[in-house]
Amino acid sequence: MTVESFQFNSETVALRRGQSLAAALTEAGHRQFRETAKGGTRGIFCGMGVCQDCLLTVDGAPNKRACMTPAAAGMQVQTQVALAPLTDLPAIVTPAARHIAPDVLVIGGGAGGLNAAIAAAVAGAAVIVLDERKVAGGQYFKQSAGDVGPLDAQQAEGQALVVKALTAGVEIIAGVEVWGAFDGPLFLAEHEGGALIAQPKTAIVATGAYERPRMVPGWTLPGVMTTGAAQTLWRSYRTLPGKRVAVCGSGPLNLQVARELAEGGVDVVMVAEGAASPFAQPLAAMALALAGPALAAKGFEMLAALRKRGVPVRYGTGLLSVVAEAGALRATFSGGQSVLVDALCMNDGFEPQNEILRLLGAAMTYDPAFGHLRCTRDAAMATTVHNLFAVGDCAGLGGAPAAEVEGQIAGRAAAAVCQGVTLPDATALHTRLRQHRSFQAKLWAMYQPSPRSLQSTPDATIICRCEEISLGDLRAGIADKPGHAGTLKRATRVGMGRCQGRYCGPVAARLVAEQTGQALDDRSHFAPRVPIKPGSTAVIQAAQAALDGQA
């Protein structure tokens, strides 16, 4: 049997069908993908195309995200060199722009987006879903990208949902990067190297959320990744993040992924949970069990499975630092605990992917309990922007079960708007939604979803991964020119990198608020801008030319 491979620097790396470059390289033991301008190195971190850190040069073209680029036989892949001159690049051939104008455009193919698309299609609307990943399903269902069956019941449920959407007549366009959103609504995107122009009657944004990291010394080292990134490696590509792994932060995802990795053969040396044990919170645990007996039982079953496999869960334990040591990572935790691992996974809460909503002017309010913005919506999941709906975690953390119901409500409402008919009765759906939200509220009451204070964090700790701006730089910038995150951005370059402040932006806003005593709101954060994600200038020019031709 012939084994397909590609070249990484001077080494031949084997690949399996469907693997991303990040998965294939991780499986081969490679963790360092790019160099930084200040002499650092980076590897896979978010695993979902948000952080823009796992950049590689592929067949001569730089800035290819390893986590989003499928590995292909014969590829010539090199470490991304910082500040490399952009000369002798391969010629870019841009296909003609594609125009789509469905009744309902759904951006995001996860639990909320797929349910919205199905509901709208069943109601008689023409529906198109744009999804960034190569296989729809989102972060909750995380579908396999290879020729393997579902890993478990959750993955099978996601697979069935994709099939249901296609059967209902929904068109799913995968591998789409939406980079612009304008009044109309008008959306501009890149797909297969060409421009995609979408001008729907209504739009439903279901872009989900990304994970909040624990910013400590060493959190940018290769091998440190989000818990979701490790889960994607395993669930989508059947690639383990390492042989010895520690998981830290706060929230049920850490327990789930620790269990999945342990069952996959990883030596999970520790799960460090910042919150107290559920057994130390009997009233909260009882309230959770009453709100959702089946889901609560599933959580306790996860704890039992970890205990059976000898995985220690340390409650009230936080990550303090990470250092490189002997080709591995030394992670130190509160209480003096220290472990040596191949990979360290962290999830310390979530940030909504609300860039499209904010760009279009949807009203937002700050939720101090979760430390993020929530989109203002009515009972039909409509935002304050005409013909724009939002469902799922992009509107504020609520969980996949709630996102599914929100999608069903929004899909039916969007179809009714297109058809000019009265909105359908959604009483039963709202009853289910209240139940899901009640469970989520009681679940998060047992964890620590709010951002951690950085008061005791050393000044040298990197906050802006892209521009390598330290906490000390931000503190000095605030002392010199306090007032707003935008002012701090101009003074220090924080948030000016490729990820456009996805991780450092909320921190900058909180630091300024603490310094000035001002309440946080939408205007406290960096202003959204086009392009909301880096893209090809050739594609941007092609989109502009196509729009000029329409005028």
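What to note about this one:
- Isotropically averaged projected area of region 7-52, using the convex hull of Cα atoms (one quarter of hull area), nm²: 3.9
- Neighbour net charge for Ala72 - beta-carbon separation under 11 angstrom, K R +1, D E -1: -1
- Computed over region 307-350, the Cα gyration tensor eigenvalues convert (square root of 5λ each) into semi-axes of 18, 14, 12 Å, ordered from largest to smallest.
- Residue by residue, region 28-33 carries 3J(HN,Hα) couplings of 8, x, 8, 10, 8, 9 Hz when phi is fed to the Karplus relation 6.51 cos²θ - 1.76 cosθ + 1.60 (θ = phi - 60°); x denotes Gly or Pro.
- Relative pair counts by distance (%), Cα atoms of region 423-551, 10 Å bins: 11, 28, 21, 21, 16, 2
- Beta bridges by DSSP in the chain, antiparallel share as percent, to the nearest 5: 55
- For Ser321, nonlocal amide neighbours, meaning residues 5 or more places apart or on other chains whose placed amide H falls under 5 Å from its own, are Thr332.
- Calculated P(r) tail over 18 Å for region 204-323, as whole % of Cα pairs: 56
- Full-stretch length increase - Ala538, Ser438 - with 0.36 nm per residue and alpha-carbon distance subtracted: 31.2 nm
- Zone of Lys38's modelled label, taken as backbone nitrogen in region 311-352 under 17 Å from a point 7 Å along Cα→Cβ: 322-324
- Karplus 3J(HN,Hα) series, Hz, for region 94-99 with 6.51 cos²θ - 1.76 cosθ + 1.60 (x for Gly, Pro): 9, x, 4, 5, 9, 10
- In the context of the full set of protein chains, the chain has a per residue accessible area of 40 Å² (1.4 Å probe).
- Taking Cβ separations below 4.7 Å as the criterion for a possible disulfide partner, the isolated cysteines in the chain are Cys54, Cys67, Cys248, Cys345, Cys375, Cys394, Cys418, Cys466, Cys499.
- Between the amide H of Tyr315 and those of Glu273, distances stay under 5 Å, these residues lying 5 or more places away or on another chain, with hydrogens modeled in the peptide plane.
- Element breakdown for region 459-510 at a 1.4 angstrom probe: carbon and sulfur atoms account for 50% of the accessible area.
- Rounded to two decimals, the Cα-based Rg/Rh of region 137-222, with Kirkwood Rh, is 1.05.
- Net charge dipole, region 368-443: roughly 200 debye, given to the nearest 20, about the Cα centre with Cβ charges of +1 for Lys and Arg and -1 for Asp and Glu.
- Three principal axis lengths of region 164-210 [C-alpha, angstrom, descending]: 30, 25, 25
- Summarising the label geometry, the points placed 7 Å from Cα in the beta-carbon direction at His430 and Val530 lie 3.6 nm from one another.
- Considering only Cα atoms, the convex hull volume of region 247-295 works out to 81 Å³ per residue.
- A simple charge model with +1 on the Cβ of Lys and Arg, -1 on the Cβ of Asp and Glu and nothing else charged puts the dipole of region 148-219 at about 200 debye relative to its Cα centre.
- Altogether, the Stokes-Einstein calculation at 37 °C and 0.692 mPa s, with the Kirkwood radius of the chain over Cα pairs as Rh, returns a diffusion coefficient of 137 µm²/s.
- Close amide H contacts of Ala209 (hydrogens built in the peptide plane, cut-off under 5 Å, sequence separation of 5 or more or a different chain): Gln353.
- Note on Ala491 and Ala326: the model spin-label points, each 7 Å out from Cα along the C-beta direction, lie 4.4 nm apart.
- Quarter of the Cα convex hull surface for region 361-451, i.e. its orientation-mean projected area (nm²): 5.9
- Segment Thr516..Asn9, full-extension length gain: 177.6 nm, with 0.36 nm per residue of separation and the alpha-carbon distance subtracted.
- Close Lys pairs in the chain (alpha-carbon distance under 17 Å; sequence gap of 8 or more, or different chains): 7.
- Karplus-based coupling profile of region 236-247, in residue order and whole Hz: 8, 10, 6, 10, 7, x, x, 7, 10, 9, 10, 10, with θ = phi - 60° in 6.51 cos²θ - 1.76 cosθ + 1.60 and x standing for Gly or Pro.
- Fraction of beta bridges assigned by DSSP in region 51-163 that are antiparallel (%, nearest 5): 60
The values are calculated or read from the model by the stated rules, or taken from the named source; none is laboratory data. Bear in mind the structure is a predicted one, so any value in this text is a computation, not a measurement. As a convention, Cβ positions derive from the backbone with ideal geometry for all residues, glycine included, and neighbour counts pool all protein chains shown. Note: areas computed on protein heavy atoms with side chains; ligands, DNA, RNA excluded. Shrake-Rupley method; radii C 1.70, N 1.55, O 1.52, S 1.80 Å.
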